[in-house]
Each structure stands twice: as C-alpha cells, then as structure tokens.
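Down below is the structure, laid out as structure tokens.
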Amino acid sequence: MSNQPYSFFHSVEKSFDKAAQFTHWEKGLLEQIKACNSIYSMRFPVRMDDGRIEVIEAYRVQHSQHKMPCKGGIRFSHKVDQDEVMALASLMTYKCAIVNVPFGGAKGGIKISPRKHSAYELEKITRRYTSELVKKNFIGPGIDVPAPDYGTGEREMAWIVDTYQSLKPGEIDAAGCVTGKPISLGGVRGRKEATGLGVFYGIREVCNMPDVMEKLGLSTGIEGKRVVIQGLGNVGYHCAKFFREHGALVVCIAEQEGAIFKADGINEELLFQQRKSTGTIIGYPGSIALAKNTDALELECDILIPAALENVIDAQNAPNVKAKIIGEAANGPLTPEADDILIARNILVVPDMYLNAGGVTVSYFEWLKNLSHVRYGRMEKRFNENMNHHMLSQMEKLTGKSVLPEERRLIEHGADEVDLVYSGLEETMINATREIMDVWQANPAIPDMRTAAYVCAINKVGTSYAEMGIFP
Ligand code: NAD
C-alpha cells in the first residue's frame with residue numbers, strides 16, 4: 001500500500017461499503033468482491049539512451065476473476081503506485097459489471113514520466129513489461145487484456161501485441177491480448193470517439209426520463225439544453241460534437257488557458273482548429289471570455305460535463321454550481337464533500353463509473369472482433385444492401401411512387417463496422433442507465449445515482465460468485 005496518508009483504494013472501499021448496505025449479500029462474499037485477487041508488483045532494469053541502467057517500478061493488478069479475462073488500461077505516470085493501481089482495478093470490475101461487459105477488472109501501471117523518455121526507451125520499457133506479464137501468465141486473450149490509459153495509446157498497444165505474438169508463436173487469438181490497437185493490427189473503428197459518445201448516450205437517456213426531469217425542473221430531451229464542457233481533449237471534444245449534432249447548445253468550453261461563453265452555441269471543430277493554429281480558445285468569433293477557466297463550472301446551464309481532470313468540484317465551489325445535471329465524463333471530477341453538497345442541492349450527478357464506460361465497451365467489441373477474426377459488417381453489409389434495394393424497388397413498383405434519393409441512400413445503406421459499434425454502444429449505455437435508475441427507484445433510501453450504480457455492480461458480481469457455487 002502507499003505510504004501517503006490518503007488511500008485511493010480505501011476511498012473506493014468506502015463507496016463500496018456505503019452501497020453494500022443496500023444489498024443482501026453476506027459479509028464474506030462482500031469482502032471477496034472488494035478484495036484485489038492478484039497483485040503483481042515488479043522491478044526490471046532497462047538501459048537508457050545515455051548508457052545508464054534504470055530500475056523500472058511497475059504493476060499489474062487483477063481485482064476480480066469472476067469473469068475472464070480481466071480487463072483494464074495501462075497507465076504511464078510518475079504518480080503510479082500500488083494503491084492507485086489497486087483502486088483503478090477495482091473500479092474496472094464495477095464498471096464492466098454495470099455495462100454488462102463480461103470481464104473482471106484489472107489495471108496496470110508503470111512509474112515513469114513518458115515525456116522524459118525517448119520513443120526508443122519507451123518501447124524497451126513497454127516490451128520488457130509485456131514479457132514480464134507473459135512470464136507470470138498475467139496477459140492473454142483469455143487471461144488479462146490491457147488497454148490504453150493515461151500516458152499510453154495505440155503506439156504502446158502495438159508494441160504490446162507484437163511482443164506477445166513473438167513470445168507466443170502460433171497462438172491464433174493473440175491479437176485479443178490487448179485492445180486500443182491501430183486498425184491495421186486488429187483495432188476497431190469507433191474506439192477514439194467511444195467515451196464521448198457513451199457520455200452523450202448516457203445523458204440523453206437520463207434526459208428522456210420524464211420523472212427524473214420533472215424532479216430537476218427540466219423538460220425532457222436533449223434539444224435546446226445548455227451544456228458546459230470542461231476540457232477540449234479527446235473526451236470533451238467528442239462530447240461537444242455529439243451534443244451539438246443532436247440539438248443541444250454547447251454554450252461554454254473551458255481549457256487550460258481560459259473559458260469562453262457563447263449563448264447560441266460553440267462549434268467544437270472550429271474551436272479545435274482555432275486552438276491548433278493560435279494556441280488558445282480565447283477569441284472564438286462571437287464569444288466572450290470568462291475571467292477564470294474555473295468560472296465555467298459555476299455558469300448557469302442545464303448540463304455540466306467535466307471532461308478534463310479529477311477533483312475539480314470540491315467543497316468550495318460545489319455550493320456555486322448552477323447546473324441541474326453533472327455528467328462525470330472525467331474520472332473522479334468531484335470530491336466526496338462536493339458529492340454530498342450536490343446531493344443535498346438536488347443536482348443529479350451521473351457517475352463516472354458507468355458514464356465514461358464507452359471506452360471499455362468498445363474495447364470489448366474489439367476483443368470480440370479479434371476472436372472472430374472478421375471485421376464487423378463484412379459478411380452481411382452487401383447482402384443487406386441488395387435486399388433493401390430489392391424491397392424498396394418492389395414498394396415503388398407496387399405504389400407507383402418513388403422515394404427521394406437521400407431517403408433511398410439511407411434505407412439501402414448496409415451497416416459498416418462503425419455503424420455496428422455505435423449501435424452496440426448505444427444499446428449498452430441505454431440499458432445501463434435504465435438498470436441503475438431501476439435499482440434507485442426500487443429503493444428510495446439509496447441517496448444518489450453513484451450509490452445506485454455501485455449497488456447494481458455489487459449485485460451483478462455477487463450473483464456471479466453465488467452462481468459459481470463458491471458461496472452456496
Ligand atoms: P485528454 O488529455 O485528451 O484531454 C484533457 C483535456 O483537458 C486537455 O485538452 C487539457 O488541455 C484539458 N485541461 C487540462 N487542465 C485543464 C483545466 N484546468 N481546465 C480545463 N481544461 C483542462 O484526455 P481525455 O482522454 O479526454 O480524458 C479526459 C478525462 O476523461 C480524464 O479524467 C480521463 O481519465 C477520463 N476518461 C477518458 C477516457 C478515454 O477513452 N479517453 C475513458 C474514460 C475516462
């Protein structure tokens with residue numbers, strides 16, 4: 001465990017305990033669900049470009065094997081320690097359970113600052129880490145499947161799959177040993193925007209619930225809702241895109257250098273291009289700049305999406321938040337104190353643990369694609385297009401009327417990989433939202449949606465254990 005007084009793992013255990021009292025599982029089973037089953041702490045030497053040998057500290061934690069394989073990202077950060085990896089691995093178990101992704105939770109971490117290393121050094125570290133995982137049977141398409149996280153991306157996943165395949169020659173499903181790979185190495189289309197799109201689907205479903213909206217004093221639907229987004233990175237950008245495309249007004253976006261407001265809505269792509277060329281979001285045509293970037297969090301709006309950092313809403317600014325709904329796109333954007341204040345103020349917090357699960361959901365689709373060795377849509381796309389064309393022609397012939405060319409294109413279109421990935425993600429987020437709300441509505445003593453999400457996760461993992469017959 002960490003030497004630091006604050007333990008992230010302990011705070012996850014506290015949230016778990018808060019929710020566990022609303023379940024019927026016996027104490028021993030709850031202890032089993034909470035515990036991290038396997039913790040691999042490793043040290044290995046790597047020779048750096050300047051000739052020095054550096055001892056690298058790294059971890060892989062498998063929190064739960066109630067479903068196999070385990071799944072969770074690998075983080076490269078100088079802040080990595082065992083406590084953090086344990087906490088993140090547990091959250092992965094609960095996250096996967098909520099969105100019905102049939103994996104146990106895991107997480108990996110290497111304690112390095114990626115910016116302080118050359119690409120060559122990073123490659124050596126990543127490949128050595130992978131071979132350490134292989135040695136201990138801590139990676140494999142049926143064992144444990146890593147993915148990108150903070151400080152890692154497609155490049156690192158490509159090194160991992162290549163190292164794994166070279167150590168396991170002939171393993172037919174080897175591409176499924178890691179997700180978040182480049183498309184050419186077995187990645188899936190739609191992964192990049194998955195988290196932002198999942199956030200949109202989750203919030204849209206909440207906004208479509210008349211009773212929930214009535215309690216918040218809002219009308220149903222996304223159209224016309226005023227949205228504030230903190231962070232124009234991968235998640236924030238895609239949130240802004242999908243909310244705008246579905247008729248919401250993204251009235252404010254905050255970044256490191258400041259925040260801008262425009263009552264009739266901001267176009268994220270134009271803003272992104274402006275920031276790329278000028279280095280700032282300030283000066284976006286027709287917008288006004290707020291005094292501080294954190295003012296965005298306190299702006300009058302319907303939906304606030306923190307999509308940048310953790311702990312941005314705390315006991316100080318929580319009393320000033322004016323949004324009716326907070327969608328936690330980032331991991332841990334609220335402190336526990338802020339959470340309590342917002343619950344008391346009847347602000348709906350849609351929790352990170354399920355709302356930002358789009359990434360892991362699409363990773364699951366990538367893994368399925370790797371095991372089936374065929375791109376989604378390859379077998380049926382052309383067949384469906386031919387059949388749709390035939391049906392439409394018959395209808396036109398029988399009615400004597402013809403369909404507009406734009407409508408014809410839409411109706412005849414057979415699903416591509418990206419269409420199927422979006423559809424699977426939409427289904428997943430809608431179901432997860434409804435399941436959590438059902439749990440919450442069934443027990444009015446549950447104080448908030450986060451606790452309801454935990455209850456949902458505990459019940460699913462508990463059922464798996466119970467049905468295995470371990471705890472008759
Ligand atoms: P990112 O690095 O692409 O984007 C983060 C953005 O936040 C950057 O543009 C950065 O400049 C901005 N930012 C930093 N400090 C800021 C500040 N003080 N005010 C406003 N903006 C600030 O990262 P990301 O992938 O978009 O991840 C964002 C959050 O979402 C993180 O908490 C991450 O853990 C979480 N998340 C990401 C994914 C994913 O698939 N990328 C999945 C689940 C959760």
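The values are calculated or read from the model by the stated rules, or taken from the named source; none is laboratory data. Keep in mind that what you see is a predicted model, and the values were worked out from it rather than measured. When we count neighbours, we look across all protein chains shown, and the Cβ atoms used for this are built from the backbone with ideal geometry, even at glycine.
Once region 316-330 is narrowed to residues that are within 16 Å of the ligand (Cβ to nearest atom) and without any contact (Cβ under 8 Å) to a residue 40 or more places away in the chain, the residue that is surrounded by the fewest Cβ atoms within 10 Å (Cβ to Cβ) is 316.
Scanning region 145-181 for residues that are acidic (Asp, Glu), assigned to a loop (DSSP other than H, G, I, E, B) and under 25 Å from the mean Cα position of the chain (by Cα) turns up 149, 173.
Condition (residue is within 21 Å of residue 80 (Cα to Cα) and out of contact with any strand residue (DSSP E or B) (no Cβ under 9 Å at 6 or more places or on another chain)) applied to region 187-197: is it met by at least one residue? Within region 187-197, not a single residue is within 21 Å of residue 80 (Cα to Cα) and out of contact with any strand residue (DSSP E or B) (no Cβ under 9 Å at 6 or more places or on another chain).
List the helices (runs of 4 or more DSSP H) that sit entirely inside region 381-472 and contain at least 2 residues that are basic (Lys, Arg).
381-399, 405-412, 449-468
If the condition is being under 18 Å from residue 77 (Cβ atoms) and touching a Phe, Trp or Tyr at 6+ places or on another chain (Cβ under 7 Å), then region 97-122 contributes 108, 109, 110, 112, 114. Note on region 128-151: residues that are at pLDDT below 95 and not charged (D, E, K, R) total 3.
Among the residues making up region 295-309, a single one is loosely packed, with under 15 Cβ neighbours inside 10 Å and within 14 Å of the ligand (Cβ to nearest atom): 309.
Scanning region 198-210 for residues that are without any contact (Cβ under 8 Å) to a residue 60 or more places away in the chain and either over 21 Å from the mean Cα position of the chain (by Cα) or outside any helix (DSSP H, G or I) (or both) returns 208, 210.
Within region 96-112, restricting attention to residues that are β-branched (Val, Ile, Thr) and assigned to a loop (DSSP other than H, G, I, E, B), which residue is nearest to residue 55 (Cα to Cα)? Applying the filter and picking the extreme gives 112.
For region 337-364, enumerate the residues that are away from the ligand (no atom under 14 Å from the Cβ) and not in a loop (DSSP other than H, G, I, E, B).
Passing the criteria: 337, 338, 339, 340, 341, 342, 343, 344, 348, 349.
Please determine, by comparing only the residues of region 118-142 that are assigned to a loop (DSSP other than H, G, I, E, B) and touching a residue at least 24 places away in the same chain (Cβ under 8 Å), which one is nearest to residue 366 (Cα to Cα). Top of the filtered list is 141. Just wondering, is there one or more residues in region 273-283 that are polar (S, T, N, Q) and within 30 Å of residue 12 (Cα to Cα)? No, every residue in region 273-283 fails to be polar (S, T, N, Q) and within 30 Å of residue 12 (Cα to Cα).
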